[in-house]
Amino acid sequence: MRVAMFSGGRGTAGIARALLRSPGVELSLLINGYDNGLSTGALRRYLPGMLGPSDFRKNLLLHLDGGDPRRDLLEHRLAPGTTAAGLERLISGPLDYRVARELHVFAGRLRAEPDGLDLADCALGNLVLAGAYLRLGEDFNAAVRACARTFGAPARLLNVTGGENAFLVALKEDGRVLADEADIVAPQDAAAITGLFLLREPLTGRDRAELAGRAPERVRELLARRAARVTPNPEALRALEDGDLIVYGPGTPHSSLLPSYLTPGVAEAIARSRAAARVFVVNLGGDHDIQGLTATDLVDRTLAYLGDPGNERRTITHVLSHRGASGGPAVPRRVSERGHWAGARWISADLADTGQPGTHSGPRTAEALRALLGPTPLARAG
């Protein structure tokens, strides 16, 4: 069974692990690289042209148990004041030669250009990806593939785009701009986000001042003029077209998920897909970017961003939500009782991980997803 799941950094981790443990499942994770918070943002500014590696690093951990030295390596945070020499000393121990190679490449860049990057609190795994990016001719997708091989990732980690650099910006209903991904995921007022944009350059302080106070439609027009040109990753499109199951996974919607749906060609690949089920999984936890939005609002936004507001192309066939109280977006009673929304079947089940409030039980959610397919994949295989 081939599964293509839109993913962020950690929101789908439990579900992905459970799917990977299921016999016969081939899992592709479709991820975007627009994250730019704190040390990730500093790394992107230091290497202009590189997308954010954090969510890819987190998905390299899926098969690594706590205490696994590879997991410790990827998650190790550097101390303030770490220099190229300090990084070289850190990697002089017994490392996989491929990991050492990538880190040496990055350390070489840092020696040549020592100014402009504070490595404080930077995850070492991000530097592994950055070193691979530099070694492979500044090809972000090639770097992801190389690191997936190095760490033996059992899932296919696919950037949704061709690797072009772009900067995520959000527009709120009153015309205010959230100028980057870090602002989108940060605490904010309850005014709804009404638009997402991928820009070719980050907004400067002057840009923000010029946009402040303008009417929302005028801000929308000005942001649209700055749009980055991105192309789809052909591997991501094939994963969608060939999948038996497409999953719109849980995560922070306006940073991890909805921006992926802006990628040219993604909506069309879903429409062409042979997938018997295309399932929206409702968040169990709340996020700052969706205050006041219900589960049905998020379904509607997903459909709108995928160019199918009426769900006429069956972009979503099922919605899977937790049955019971949760801290996530509310499910209107009339929807759960009727079992339908926007032409999709609405299914409620016990999906919560009792040991980790606000997260999905991987085994329960994976079981619910597999149940939607029944014998279809086997029938196709025959």
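The values are calculated or read from the model by the stated rules, or taken from the named source; none is laboratory data. Bear in mind that the values here come from a model prediction, so they are computed numbers and not experimental data. In this analysis, Cβ positions are derived from the backbone assuming ideal geometry, glycine residues included, and neighbour counts consider all displayed protein chains. To get the accessible areas, we keep the full protein, side chains included, count just its heavy atoms, and leave off ligands, DNA and RNA. Shrake-Rupley method; radii C 1.70, N 1.55, O 1.52, S 1.80 Å.
Some notes on this structure:
- Pairing residues of segment 180-197 that are over 18 Å from Asp35 (Cα atoms) with residues that are open to solvent by less than 20 Å² (accessible area, probe 1.4 Å), at Cβ distances under 8 Å and at least 6 apart in sequence or on separate chains, gives Ala191/Lys172; Ala192/Lys172; Thr194/Leu171; Thr194/Lys172.
- Of the residues examined, Asn36 is not one that is at pLDDT 95 or above and either buried (at least 19 other Cβ atoms within 10 Å of the Cβ) or closer than 22 Å to Ser260 by Cα (or both).
- Qualifying residue in segment 128-146 (condition: assigned to a loop (DSSP other than H, G, I, E, B), within 11 Å of Leu47 (Cβ to Cβ), small (Gly, Ala, Ser) and open to solvent by 20 Å² or more (accessible area, probe 1.4 Å)): no
- One residue stands out among those in segment 54-93 that are in a loop (DSSP other than H, G, I, E, B) and in contact with a Phe, Trp or Tyr (Cβ under 8 Å, 6 or more places away or on another chain): the one that is surrounded by the fewest Cβ atoms within 10 Å (Cβ to Cβ), which is Leu64.
- Filtered residue count, segment 269-320, keeping only those that are at pLDDT below 95 and β-branched (Val, Ile, Thr): 1
- Taking the criterion of being in a loop (DSSP other than H, G, I, E, B), buried (at least 19 other Cβ atoms within 10 Å of the Cβ) and on the phi < 0 side of the Ramachandran plot, the residues of segment 163-193 that qualify are Asn165, Ala166, Arg176, Ala179, Asp180.
- Residue selected from segment 321-364 under the condition at pLDDT 95 or above and at positive phi, by the criterion surrounded by the fewest Cβ atoms within 10 Å (Cβ to Cβ): Gly339
- All of Ala276, Ala267 fail the test of being of a type in the set (Gly, Ala, Ser), in contact with a Phe, Trp or Tyr (Cβ under 9 Å, 6 or more places away or on another chain) and open to solvent by 10 Å² or more (accessible area, probe 1.4 Å), apart from Ala267.
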